[in-house]
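The values are calculated or read from the model by the stated rules, or taken from the named source; none is laboratory data. No experiment lies behind these values; they were computed from the predicted model shown. Methodologically, a virtual Cβ is constructed for each residue, glycine included, from the backbone with ideal geometry; neighbour enumeration extends over all protein chains shown.
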Amino acid sequence: MKPDLLLICPLFPATMAQLDAAYTVHRYYQATDKDAFVAGLAERITAAATAGHEGMSVALMGKFPKLKIISCFGVGVDGIDVPAARKLGIAVTNTPDVLTECVADNALALVLATMRRTVFNDKFVRAGNWLKGGAPLADKVSGSRLGIIGLGRIGKAIAKRAEAFGMKVAYHSRNKQTGVSYDYYDKPLQLARDVKILVVACPGGKETERIVSREVIDALGKDGYLINVSRGSTVDEPAMVDALVNGRLAGAGLDVFVAEPKVPDALLKLDNVVLQPHVSSGTHWTRAAMGQLVVDNLAAYFAGKPLLTQV
Ligand code: GLV
């Protein structure tokens, strides 16, 4: 008999295949009558899997009194109230480290594509506009001053890449970090004033909601670029759109949005933004490694072994 597993939302297909092989998977997202689905499983479920952003509500956790682990696909677990889960005796695991390099790579890709207008220029060539004359000039990347909000694993990997471009790196995080030589700012506003490129790489959730406020966006200013690879919630999106539309911000490279997959209409019309469908970790290697961690954490739980990556 395979153990039962509650699956809250669809995951990477290869990961779901692994889960199906090891467990009897009960797909919450496919249930038409959610109450009946939950009632039928309430006493049997000890383990759940979900994506960190979609998470699992406290109300739903409370309906499974024997639930002991939520294994999340993704490093950010903003869709889960971790302290509340802890109080209910539920461990939460995520997928750190394996995605750090790809997220940092994509952050730099967004810096380059936005400042060098790579997507605009691609369209320019395809539309035959080159035959009529040269493209408008872009902005220099190398040697620019780059600020990072959130100097965790991903922020540090972004900083390392930025250094290779001769950039001067500064950062804001809750606390000054030891062992790094980058300038520390205890306020995002001051950081934004002093840099050309501001990259958001902190976790989502209540603590960082709109940490890139209207004031921060205005401080970055008409020559500044905003890059977001964290969560849409970290930026005052209407203020950012307003600044981009009205030329008070030079450009933005965005992988995440407040109501994704919906993207504000105004952004779709702008040439100074590069838009991505939340794919910073979206490479074959990384998604497989993230899925393996989801699977391995569940296997550790069912084997009574220590969890690999508990939040
Ligand atoms: C992706 O957004 C993640 O949190 O891993």
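The residue pairs whose first member lies in segment 247-264 and is farther than 24 Å from Val195 by Cα, whose second member is surrounded by 14 or more Cβ atoms within 10 Å (Cβ to Cβ) and among the charged types (D, E, K, R), and whose beta carbons are closer than 9 Å, counting only pairs six or more residues apart or on different chains, are Val258/Arg231; Val258/Glu237; Ala259/Glu237; Pro264/Glu237. Thr50: at pLDDT 95 or above, part of a loop (DSSP other than H, G, I, E, B), crowded, with 18+ Cβ neighbours inside 10 Å and within 13 Å of the ligand (Cβ to nearest atom), yes or no? For Thr50, the condition - at pLDDT 95 or above, part of a loop (DSSP other than H, G, I, E, B), crowded, with 18+ Cβ neighbours inside 10 Å and within 13 Å of the ligand (Cβ to nearest atom) - is not met. Take the conditions (1) of a type outside the set (S, T, N, Q); (2) in a helix (DSSP H, G or I); (3) under 19 Å from Ile154 (Cα atoms); Gly179 misses just one of them, which is (2). Any chance you could count how many residues in segment 92-119 are outside any helix (DSSP H, G or I), surrounded by fewer than 22 Cβ atoms within 10 Å (Cβ to Cβ) and within 16 Å of the ligand (Cβ to nearest atom)? Count: 3.
Looking at this structure, is Leu254 buried (at least 21 other Cβ atoms within 10 Å of the Cβ), under 25 Å from Leu151 (Cβ atoms), among the hydrophobic types (A, V, I, L, M, F, W, C) and under 19 Å from the mean Cα position of the chain (by Cα)?
Values: buried (at least 21 other Cβ atoms within 10 Å of the Cβ): yes; under 25 Å from Leu151 (Cβ atoms): yes; among the hydrophobic types (A, V, I, L, M, F, W, C): yes; under 19 Å from the mean Cα position of the chain (by Cα): yes.
The answer is yes for Leu254.
Exactly one residue out of Gly89, Gly76, Gly133 is loosely packed, with under 15 Cβ neighbours inside 10 Å and either within 16 Å of the ligand (Cβ to nearest atom) or not assigned by TED's automatic domain parsing to the domain that holds Leu220 (or both), and it is Gly89. Being within 17 Å of Ser230 (Cβ to Cβ) and within 11 Å of the ligand (Cβ to nearest atom) is the filter here, so list the residues in segment 263-287 that pass it. Within segment 263-287, His278, Val279, Ser280, Ser281, Gly282, Thr286 meet the criteria.
Which members of segment 53-76 meet the condition of being out of contact with any Ser or Thr (no Cβ under 9 Å at 6 or more places or on another chain) and either closer than 23 Å to Ala17 by Cα or in a loop (DSSP other than H, G, I, E, B) (or both)? Don't jump to the end; show me each part of the working.
Taking segment 53-76 as the starting set, the residues that turn out to be out of contact with any Ser or Thr (no Cβ under 9 Å at 6 or more places or on another chain) are 53-55, 57-63, 65.
Matches in segment 53-76: His53, Glu54, Gly55, Ser57, Lys63, Pro65.
For Gly253, the criteria (1) out of contact with any Ser or Thr (no Cβ under 7 Å at 6 or more places or on another chain); (2) outside any loop (DSSP other than H, G, I, E, B); (3) not assigned by TED's automatic domain parsing to the domain that holds Gly89 hold in every case but one, which is (1).
Going through (1) more than 16 Å from the ligand (Cβ to nearest atom); (2) over 27 Å from Lys123 (Cα atoms) one by one, Met290 falls short only on (1).
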